[in-house]
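Remarks on the structure that follows.
The values are calculated or read from the model by the stated rules, or taken from the named source; none is laboratory data. Source: prediction; values computed, not measured. No Cβ is skipped: glycine too gets one built from the backbone with ideal geometry, and neighbour counts run over all protein chains shown. With ligands, DNA and RNA removed, areas are computed over all heavy atoms of the protein, side chains included. Shrake-Rupley method; radii C 1.70, N 1.55, O 1.52, S 1.80 Å.
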Amino acid sequence: MPEGSEVLRLVKIMKKCIITISRNYGAGAGEVGRRLSADLNIPFYDKEILHLASQSSGISPEVLEETDERPGGKMLYRIIKSLHPPINDTDSNDPFIRDEKAFRYESAIIRKLAEEQSCIIVGRCADYLLKDRSDAVRIFIHASQEFRLQRMSCLLQLSNQEVLKILKKTDRVRQAYYNYFTGNEWHNALNYDLTIDTEVLGIEKSVQLIKDYLTLRGFLE
């Protein structure tokens, strides 16, 4: 690793901080979150992990074992166990009822994670759920559609037309999910402390900007 990159990693968290990241599909939020997690040495929980935890509310040993092996997974493992049996609700084949139940379960996990440790949480309306916490920093990562289209076409090795369908559908689903469960507008900058255009800054500078902001807020040394 280049010497300059190593220097950038020498940061110390002064007090507990929960970083929530909302994002447009393909803007690189996952990469930003993982690099930030490595720099700050704090767990990174993406939407897949939280969704897995929600879907595992029946708690099979295989799912718990997989969760426990992820970075930050031991804390998530204990939280899932503490919520077992899951939040009670009438079983139903109605997808709306299932979504409501999943959201409540994931919300309980997010709130418990925030109580326990510094961490990074991507998606699942975490910014809204933790909006009243003074130790929460809410970030939105975005980029133009053209930039995201080109980036994901390279990553997925798919045609622009195929990726455009995925991009539009994913953004539409995320916006509908956020608006439904929060009553707020997903793209409204007033919902966030910091918005970052990765097309302008790139991944590394976006990570550095977040660390600079955390330092100004008194979370980093």
### Summary
Filtering helices (runs of 4 or more DSSP H) wholly in the range 1-56 for at least 2 residues that are modelled with pLDDT under 70 and within 19 Å of the chain's Cα centre (by Cα) gives 47-55
### Query
Does the range 134-150 hold any residues that are basic (Lys, Arg) and under 14 Å from Ile120 (Cβ atoms), and which are they?
Arg138
#### Entry: Pairs, first free of Cβ contacts under 8 Å to residues at least 40 places away in the same chain and over 11 Å from Val207 (Cα atoms) in the range 14-40, second polar (S, T, N, Q) and surrounded by fewer than 24 Cβ atoms within 10 Å (Cβ to Cβ), C-beta under 8 Å, six or more apart
none
### Message
Going residue by residue through the range 137-144, is there one that turns out to be within 17 Å of the chain's Cα centre (by Cα), at pLDDT 95 or above and more than 14 Å from Asn24 (Cα to Cα)?
### Response
yes
## Note on the structure
Listed by first then second residue, the pairs whose first member lies in the range 207-221 and is within 17 Å of Ile21 (Cα to Cα), whose partner is open to solvent by 30 Å² or more (accessible area, probe 1.4 Å) and assigned to a helix (DSSP H, G or I), with beta carbons under 7 Å and at least 6 positions apart or on separate chains, are Val207/Arg35; Gln208/Leu8; Leu209/Leu201
### Given (1) within 26 Å of Ala27 (Cβ to Cβ); (2) at pLDDT 70 or above; (3) buried (at least 17 other Cβ atoms within 10 Å of the Cβ), index of the condition Ala108 fails
(1)
